[in-house]
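Encoded as structure tokens, the structure appears first; notes follow it.
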Amino acid sequence: MWRRATGDGRRATGDGRRATGDGREGRRAVLFAARSRNALHRLLDTLPVFAGDDRVEHWFTLVPGSDFSLSALSAVECAGARTLPWSRATSRSFDLILAAGPKGDLHALHGPRVLLPHGAGFNKSIAGDGTEDSASGLDPAHLLLPDGAPLADRYLYAHPAQTARLADTSPAAAARAAVVGDPLLERLLDSRDRRARYRAALRTGTRTLVTLLSTWGEESLLARRPALPTDLAAALPYDEYQLALVLHPNERARRSEFDLRQQLAPAIQAGLLLPDTYEEWASVVIASDVLVTDHGSAALYAAALDRPLLGAYDGGTELLPDSPMAQLLDTVPRFTGPADFSVATSQPGGTRTLSETVFAEQGRALDLLRTQVYDLLGLEVPDVAVVPRLLPDPAPLPLSALPAAFSVCVRHGKDGTVHVTRHPAHLEPPSPAHHLAAQVGEASARHRQAAALLYRRPGGGATVPVADWTRDVLAENPGGRRTAAVVLSPTHALVRPRNGPLLSARVSPANGTADQLPAILSAVHATLAAETPTRLACAVGSQRFDVHLSPASPQEAAAPA
């Protein structure tokens, strides 16, 4: 069943020729024209508009001319979608052309053109790119053809304030403008209830997830503060904070994935999450507890979710005064250092109201977009609800990629609780360490030789009994007061001090993780240096654990290490 689109009744037919693919009667060819990875991602978010309609066939092409076009269509090609070289795309006609952003030779494409924003809010003016001081995306130099005629048949925006700005600079384009909302925001809003699921996927646990938002260019957070990810990874206690960096697709293309990972290697080795620029970054934003942002528009989506934000834009010429991002940065606290995180997370976000000046028609964006494009296609709208695609689970770092050696600080509380704070050993810890803990088989020889706690995780492939493995490890690393341990599960480990028997350590409550147990074993090691208790209380970050120690049974001692 179909129902008539309720647009303005006009139908622009381009040059009058229709590309019908296989020639089936009534089919429409829709071309998604992307100039960069970011533009492509914006277009992919519109796909639910056409879902289930066999009258529509999808084609993709790369609009030449961008410095950031490298691998722009890789996601589409991997999905098995049809792509056309630019030369072929410009030699035929389409029933509809969708583009995100007006730049490039879109006028060379034949068919009705629809322009969507390439971001949120129109906050920047890029020097040497179009009209001076004009908002990128609202510049008449790009929105109009050389003769002053509109480039597109429809200009679709997220908020009436944007069409009002357009009317001030380009009345001809504004006459063809409509407000439909933001398809990406629809995905974030529909996925909000998945926050706990995303945090579980990332293995965040009770940690505070701090996400850095960096746009592209010389004024971006990463360009201005290249050491910030590593500095935070060194300063933040590993069991209390998790760190992520969301980087604009243009910046990832400019730096290359290889160079980026080389530059961020110390932070990545400390557990820094680097989510993919399509979909995954948005899942991480939902999972975050606090975000640090420059002047990039990704922060506006976090504001719409009312996530706590800290501003870290150091000034420059790109940010337009009175733009939504300028107002947001004037509203949120300034980031001065790690101490700001605990303050930010203790207060409500307070930014949702401001985001309402950027995103209108929340909950209706896809319906309104579908009405517009089906009107241009001359098709009745499918009589089925259009539903945003929920954001996928973000990919965690594999356990093998997590830090394998830690500088461990130990503090004994007045109530007898042993407080453990860990920092990745390859980074300079903020305070002197009590001891070094190293994972055998993963940590470097330098860290292993200096470690007082030597431990092994499950799944290492060893068939040697725990009793023999712990004894051998201590013999291979003579000198000093050392402890060897084997993690059998998130709540059970076997421990052998150098001058003591093999002990079974069981942890309660059973809500810890296999990654936390080595921290608890550091408390055991520190306690065994003075005594051999049967029970001890341990604090790791915000969590408290009771550890029960007893002589290992013969069955436990024979378990494979």
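The values are calculated or read from the model by the stated rules, or taken from the named source; none is laboratory data. Quick caveat: nothing in here was measured; it's all calculated off a predicted structure. So basically every Cβ, Gly included, is an ideal-geometry build from the backbone, and we count neighbours across all protein chains shown. Keep in mind that these areas ignore ligands, DNA and RNA; they rest on the heavy atoms of the full protein, side chains included. Shrake-Rupley method; radii C 1.70, N 1.55, O 1.52, S 1.80 Å.
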message: For the range 278-296, give me the residue count where each residue is in contact with a helix residue (DSSP H, G or I) (Cβ under 6 Å, 6 or more places away or on another chain) and either over 20 Å from ALA200 (Cα atoms) or not polar (S, T, N, Q) (or both).
response: 11
- prompt: Looking at the range 372-386, is at least one residue in contact with a helix residue (DSSP H, G or I) (Cβ under 6 Å, 6 or more places away or on another chain) and assigned to a loop (DSSP other than H, G, I, E, B)?
  reply: yes
- prompt: Which residues, taken from the range 436-450, are within 16 Å of ASP472 (Cβ to Cβ) and either out of contact with any Phe, Trp or Tyr (no Cβ under 9 Å at 6 or more places or on another chain) or of a type in the set (Ser, Thr, Tyr) (or both)?
  reply: GLY441, ARG448, GLN449
- prompt: Based on what the data block shows, is LEU273 in contact with a Pro (Cβ under 6 Å, 6 or more places away or on another chain) and not charged (D, E, K, R)?
  reply: no
statement: Exception for LEU369 within (1) open to solvent by 10 Å² or more (accessible area, probe 1.4 Å); (2) assigned to a helix (DSSP H, G or I); (3) touching a residue at least 40 places away in the same chain (Cβ under 8 Å) falls at (1)
message: Can you find, within the range 440-463, the residue that is farthest from GLN516 (Cα to Cα) among those that are exposed (fewer than 13 other Cβ atoms within 10 Å of the Cβ) and either touching a Ser or Thr at 6+ places or on another chain (Cβ under 8 Å) or at pLDDT below 90 (or both)?
response: THR463
- request: Scan the range 479-537 for residues that are out of contact with any Pro (no Cβ under 9 Å at 6 or more places or on another chain), surrounded by fewer than 22 Cβ atoms within 10 Å (Cβ to Cβ) and small (Gly, Ala, Ser) and jot them down.
  value: GLY479, GLY480, GLY500, SER508, ALA530, ALA537
message: Just to be sure I understand, how many residues within the range 389-417 are in contact (Cβ under 8 Å) with a residue 60 or more places away in the chain, open to solvent by 30 Å² or more (accessible area, probe 1.4 Å) and in a loop (DSSP other than H, G, I, E, B)?
response: 9
- prompt: So, of the residues in the range 147-172 that are in a helix (DSSP H, G or I), among the hydrophobic types (A, V, I, L, M, F, W, C) and open to solvent by 30 Å² or more (accessible area, probe 1.4 Å), which turns out to be farthest from PRO117 (Cα to Cα)?
  reply: ALA172
- request: Could you list, in sequence order, all residues of the range 247-269 that are open to solvent by 10 Å² or more (accessible area, probe 1.4 Å) and among the hydrophobic types (A, V, I, L, M, F, W, C)?
  value: ALA253, PHE258, ALA265, ILE268
- line: Counting only residues that are at pLDDT below 85 and open to solvent by 40 Å² or more (accessible area, probe 1.4 Å), the range 63-80 contains a total of 10
